[in-house]
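K.L.:
Shown below is the structure under consideration.
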Amino acid sequence: MPMAIAFSAYGDPEVLHPIDIEPPTPGTGQLRIRVKAAGVNPVDVKLRRGDFAATMPVDFPQRLGNEYAGIVDQVGDGVAGLTVGDEVLGSTTAQGYAEYVLVDAADTVHKPASMPWTVAAGLPAVGQTAHTALHQLGVRPGDTVLIHAAAGGVGTVATQLARLSGATVIGTASHHNHDYLRSLGATPVTYGPGLVDRIRLLTADGVDAVLDAVGGEAIAASLALVPDRQRIGTLVDAHAVSEHGILRLGGRSTAALRELVTLYAEGRLHIPIHATFPLSQADQAHRAVQTGHARGKVVLTVS
């Protein structure tokens, strides 16, 4: 039987284990995908640890994985433009770590032949999140955008998209990632005490918008730099959203994913892969992600 990765109790990466699954049968408007690779994201780590247990309880065994790349294996009724054998990528909800997934055809995008499976699997979550976040913040040509954790997965894509839109980007990162940020077109700045002063020295006209992927002290710095709280947004700090009236960023858009795939095919968007692991080593992939120091994406590969 096909395999998937799940956990039957909250805990450390060791709780992840293989389970057998029935091959899913697509219904109307659905596809069955034979997975070639699946992206691993911080939200997967948080779900496995039980960070959401109070607000989002799960039924064990609980599967993981919100993005995939693979080959169309079966096509349900009412699906147009996709056939068995097509190479695709897209989003799903807590089922990507598997040999087969069932997805809505409307959420699926064709994979360019030039795009490796690992990149295809690592693009949907960070790509759609970054694209949607910049739209929510109203980033436009001439803006100066501050991106906290700019060397991370979402930050890497958001930096590139903001630069493509005509904005200037200042990105916070540890010193060893500064050259990396420069390669993406951003001006790097080290986080920590004195951050606000360091940023003010970098921009004579101030900061127009902030995309935060850190929370906490990064929010305090953002509030000191940007007077319009509707141009400050966070991906991670729900408390700051309610306390300060800033934006909660994120969301999915298949149209955005198509645009991102086109940018990649044109050579204008790059998705670095930090590490790959076979599906059976999902625990090792989680360890790599939860360090918080992965530059680019961690991806599971499926033979």
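K.L.:
Among the residues of the range 93-141 satisfying the criterion of being out of contact with any strand residue (DSSP E or B) (no Cβ under 9 Å at 6 or more places or on another chain) and among the polar types (S, T, N, Q), which is nearest to Arg231 (Cα to Cα)?
P.N.:
Thr132
Matching residues to (1) in contact with a Ser or Thr (Cβ under 8 Å, 6 or more places away or on another chain); (2) under 29 Å from Gln62 (Cα atoms); (3) crowded, with 19+ Cβ neighbours inside 10 Å; (4) outside the structural domain of Pro188 (by TED's automatic domain parsing):
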position	(1), (2), (3), (4)
Gly215	yes, yes, no, no
Thr262	no, no, no, yes
Glu266	no, no, no, yes
Thr276	yes, yes, yes, yes
Gln284	no, yes, no, yes
Ala294	no, yes, yes, yes
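K.L.:
Within the range 278-303, which residues are in a strand (DSSP E or B) and farther than 18 Å from Val43 by Cα?
P.N.:
Of everything in the range 278-303, those that are in a strand (DSSP E or B) and farther than 18 Å from Val43 by Cα turn out to be Pro278, Thr301.
K.L.:
Now, a different point. Residue check, Tyr191 against (1) out of contact with any helix residue (DSSP H, G or I) (no Cβ under 8 Å at 6 or more places or on another chain); (2) closer than 18 Å to Gly233 by Cα; (3) at pLDDT below 95, all met but one. Which one?
P.N.:
In the conditions (1) out of contact with any helix residue (DSSP H, G or I) (no Cβ under 8 Å at 6 or more places or on another chain); (2) closer than 18 Å to Gly233 by Cα; (3) at pLDDT below 95, Tyr191 misses (1) alone.
K.L.:
In the list Pro61, Pro42, which residue meets the criterion of being on the phi < 0 side of the Ramachandran plot and modelled with pLDDT under 95?
P.N.:
Pro42
K.L.:
Since Ala221 meets every condition but one in (1) touching a Leu at 6+ places or on another chain (Cβ under 6 Å); (2) in a loop (DSSP other than H, G, I, E, B), which condition does it not meet?
P.N.:
So Ala221 meets the others, but not (2).
K.L.:
Let me ask something additional. From the set of residues in the range 238-251 that are surrounded by fewer than 20 Cβ atoms within 10 Å (Cβ to Cβ) and part of a loop (DSSP other than H, G, I, E, B), which is modelled with the highest pLDDT?
P.N.:
Gly245
K.L.:
Hey, among Val84, Val119, which residue is of a type outside the set (Gly, Ala, Ser), touching a residue at least 60 places away in the same chain (Cβ under 8 Å) and not assigned by TED's automatic domain parsing to the domain that holds Arg231?
P.N.:
When all the criteria are applied, what remains is Val119.
K.L.:
Could you identify the single residue in Thr93, Thr144, Thr108 that is in the same structural domain as Thr234 (by TED's automatic domain parsing) and among the hydroxyl-bearing types (Ser, Thr, Tyr)? Before the answer, list the steps.
P.N.:
On the way: Thr93 fails: in the same structural domain as Thr234 (by TED's automatic domain parsing); Thr108 fails: in the same structural domain as Thr234 (by TED's automatic domain parsing).
Exactly one residue qualifies, and that residue is Thr144.
K.L.:
Go through the range 181-213 and count every residue that is buried (at least 16 other Cβ atoms within 10 Å of the Cβ) and in contact (Cβ under 8 Å) with a residue 12 or more places away in the chain.
P.N.:
Start the filter on the range 181-213 by keeping residues that are buried (at least 16 other Cβ atoms within 10 Å of the Cβ), which leaves 181, 184, 186-189, 191, 195, 198-199, 207-213.
Then keep just the ones that are in contact (Cβ under 8 Å) with a residue 12 or more places away in the chain; that gives 181, 184, 186-189, 191, 195, 199, 207-213.
Final tally of qualifying residues: 16.
K.L.:
Condition (residue is crowded, with 18+ Cβ neighbours inside 10 Å and part of a helix (DSSP H, G or I)) applied to the range 95-105: is it met by at least one residue?
P.N.:
Yes, the range 95-105 has at least one match.
K.L.:
State all residues of the range 114-148 that are in contact with a helix residue (DSSP H, G or I) (Cβ under 9 Å, 6 or more places away or on another chain) and among the small types (Gly, Ala, Ser); if no residue qualifies, say none.
P.N.:
Once the filter is applied, which keeps residues that are in contact with a helix residue (DSSP H, G or I) (Cβ under 9 Å, 6 or more places away or on another chain) and among the small types (Gly, Ala, Ser), the range 114-148 yields Ser114, Ala120, Gly122, Ala125, Gly127, Ala130, Ala133, Gly138.
K.L.:
Can you find a residue that is under 24 Å from Ala288 (Cα atoms), in a strand (DSSP E or B) and either under 21 Å from the mean Cα position of the chain (by Cα) or among the charged types (D, E, K, R) (or both) anywhere in the range 57-64?
P.N.:
yes
K.L.:
Let me ask you something else. Which one is modelled with the lowest pLDDT among residues in the range 1-36 that are aliphatic (A, V, I, L, M) and part of a loop (DSSP other than H, G, I, E, B)?
P.N.:
Step one: of the range 1-36, the residues aliphatic (A, V, I, L, M) are 1, 3-6, 9, 15-16, 19, 21, 31, 33, 35.
Retained after the next criterion (residues that are part of a loop (DSSP other than H, G, I, E, B)): 1, 9, 21.
Working: Met1: 92, Ala9: 98, Ile21: 97.
So, considering only residues that are aliphatic (A, V, I, L, M) and part of a loop (DSSP other than H, G, I, E, B), the one modelled with the lowest pLDDT is Met1.
K.L.:
Something else now. Name the pairs: first residue in the range 55-66 and touching a residue at least 60 places away in the same chain (Cβ under 8 Å) and within 14 Å of Thr93 (Cα to Cα), second residue assigned to a loop (DSSP other than H, G, I, E, B) and of a type in the set (Val, Ile, Thr), Cβ to Cβ under 8 Å, at least 6 apart or on different chains?
P.N.:
Cβ pairs passing all conditions: Gly65/Thr92.
The values are calculated or read from the model by the stated rules, or taken from the named source; none is laboratory data. What you are looking at is a predicted structure, and each value in this text was computed from that prediction instead of being measured. Methodologically, a virtual Cβ is constructed for each residue, glycine included, from the backbone with ideal geometry; neighbour enumeration extends over all protein chains shown.
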